[in-house]
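Below is one structure, written out as structure tokens, with a few remarks after it.
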Ligand SMILES: [Zn+2]
């Protein structure tokens, strides 16, 4: 037999720990006394989670106006005994829970966004109706912020140590207008940027799903122009409205490949013209294309470009260009590029989270979404979004409602807690 290199002996020595599957690790964690203590603490704190959700919700946090809610969260993080609680230059609140490994090493970031989609002046007073709580933003994402604080408290109460530090983040700018500015800063320039080895985002929900794919988005404002003219005396000139209508019909014939993820597209807004008796000089349409598959996103984009070119050519060939042709300008309507992003389904972070959720009695499914975890995914940092445990109705609307269902809420929160511990490495 060939002699083995010296380091195989070391590998063999450490084999039992390394050979442990995510399922074994999850069952060992969840079956242990410390985790049970953490669950007891969360159960005792149930009303407190609800109360804090209400407090957070009632401090408005419109896009780019998150500072009042950030200050509240900074205080709450200090009360939860997190270390080095700071508000960074972008407005993110961070608090550290030290792990057993040497200081300054790789860490797990757990984030929940502060911002809402609602403008300043929105009534954010919470109205309670039995097990229903109504207020804009209460589920997305106030409850996740409250649950994040509870995770920190439960870990402490149970004396649950992790190997890596956990950085708890209440971040700004997750919603559309914020264009992920909080997490982009956190991972790009923030003081912890070089240390974040994995990211878990918290969003509302009680299904135990795991978001592993970030939906890619292409979004454009297309401006059609032409010479315009009198509709009686200059009849026959090219019309940007006719070209736009033709482009929409051609675009609409795109057939997504159902075998390649989910692809959707929509012309959501059209406007143009000046008068019923004028040949229009301008028309504008807003186009949205989204996919969970980058090849399909590229295909629908190409289809859209062709539809546009063909419609312009057809209008210019059919009607008179004596006073000028119709043309179109395509401008991106996105503040940042939004590619399709993924974390590998067999990445340890995904396998551990699924094992954790399963160990708590929920069957976890991978899903797609659009949230902060897209940004670390796009940078090659393992990242997922997990449920903060509460069912939501009509998020992003004034009728937004959170449903209290104590056993389900506690079970999902426990699954998320176990996923966090496994991701940061349970320390023994
Ligand atoms: Zn959200």
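The values are calculated or read from the model by the stated rules, or taken from the named source; none is laboratory data. This structure is a prediction, so every number in the text was calculated from the model and none was measured. Note that we place each Cβ from the backbone using ideal geometry, even for glycine, and neighbour counts take in every protein chain shown.
So which residues in region 405-428 are out of contact with any helix residue (DSSP H, G or I) (no Cβ under 7 Å at 6 or more places or on another chain) and surrounded by fewer than 24 Cβ atoms within 10 Å (Cβ to Cβ)? Hits for region 405-428 are 405, 407, 408, 411, 425, 427, 428. Whether a residue is part of a helix (DSSP H, G or I), closer than 30 Å to residue 32 by Cβ, away from the ligand (no atom under 13 Å from the Cβ) and in the same structural domain as residue 197 (by TED's automatic domain parsing) was assessed, and residue 155 passes this test. Applying the condition of being in a loop (DSSP other than H, G, I, E, B) and surrounded by 23 or more Cβ atoms within 10 Å (Cβ to Cβ) to region 111-150 and asking which residue is farthest from the ligand (Cβ to nearest atom) yields 135.
Restricting the search to region 177-198, which residues are surrounded by 15 or more Cβ atoms within 10 Å (Cβ to Cβ) and within 15 Å of the ligand (Cβ to nearest atom)?
178, 179, 180, 181, 182, 183, listed by residue number.
State yes or no: is residue 336 outside any loop (DSSP other than H, G, I, E, B) and either away from the ligand (no atom under 16 Å from the Cβ) or in contact with a helix residue (DSSP H, G or I) (Cβ under 9 Å, 6 or more places away or on another chain) (or both)? Answer is no for this residue. Considering only residues in region 199-233 that are over 33 Å from the mean Cα position of the chain (by Cα) and at positive phi, the one that is nearest to the ligand (Cβ to nearest atom) turns out to be 228. Within region 158-173, the residues that satisfy the criterion of being within 16 Å of the ligand (Cβ to nearest atom) and under 14 Å from residue 110 (Cα atoms) are 169, 170, 171, 172.
With respect to the conditions (1) touching a helix residue (DSSP H, G or I) at 6+ places or on another chain (Cβ under 7 Å); (2) in a loop (DSSP other than H, G, I, E, B), residue 101 falls short on a single one, namely (1).
Within the set 197, 242, the sole residue that is touching a residue at least 60 places away in the same chain (Cβ under 8 Å), over 30 Å from residue 400 (Cβ atoms) and in a helix (DSSP H, G or I) turns out to be 242.
Residues that are away from the ligand (no atom under 16 Å from the Cβ) and outside any loop (DSSP other than H, G, I, E, B) within region 356-375 comprise 356, 357, 358, 359, 366, listed in sequence order. Taken over region 276-295, the criterion of being surrounded by fewer than 18 Cβ atoms within 10 Å (Cβ to Cβ) and in a strand (DSSP E or B) is satisfied by 278, 282, 286, 288. Examine region 388-404 for a residue that is in contact with a strand residue (DSSP E or B) (Cβ under 8 Å, 6 or more places away or on another chain) and more than 22 Å from residue 114 (Cα to Cα), and state whether such a residue exists. Within region 388-404 (the criterion being in contact with a strand residue (DSSP E or B) (Cβ under 8 Å, 6 or more places away or on another chain) and more than 22 Å from residue 114 (Cα to Cα)), the answer is no, since none of the residues qualifies. Listed conditions (1) surrounded by fewer than 24 Cβ atoms within 10 Å (Cβ to Cβ); (2) at negative phi; (3) out of contact with any strand residue (DSSP E or B) (no Cβ under 7 Å at 6 or more places or on another chain); (4) in the same structural domain as residue 166 (by TED's automatic domain parsing) are all met by residue 380, apart from (2). Restricting attention to region 381-414, report how many residues are outside any strand (DSSP E or B) and either more than 15 Å from the ligand (Cβ to nearest atom) or free of Cβ contacts under 8 Å to residues at least 60 places away in the same chain (or both). Going through region 381-414 one residue at a time, the tally reaches 16.
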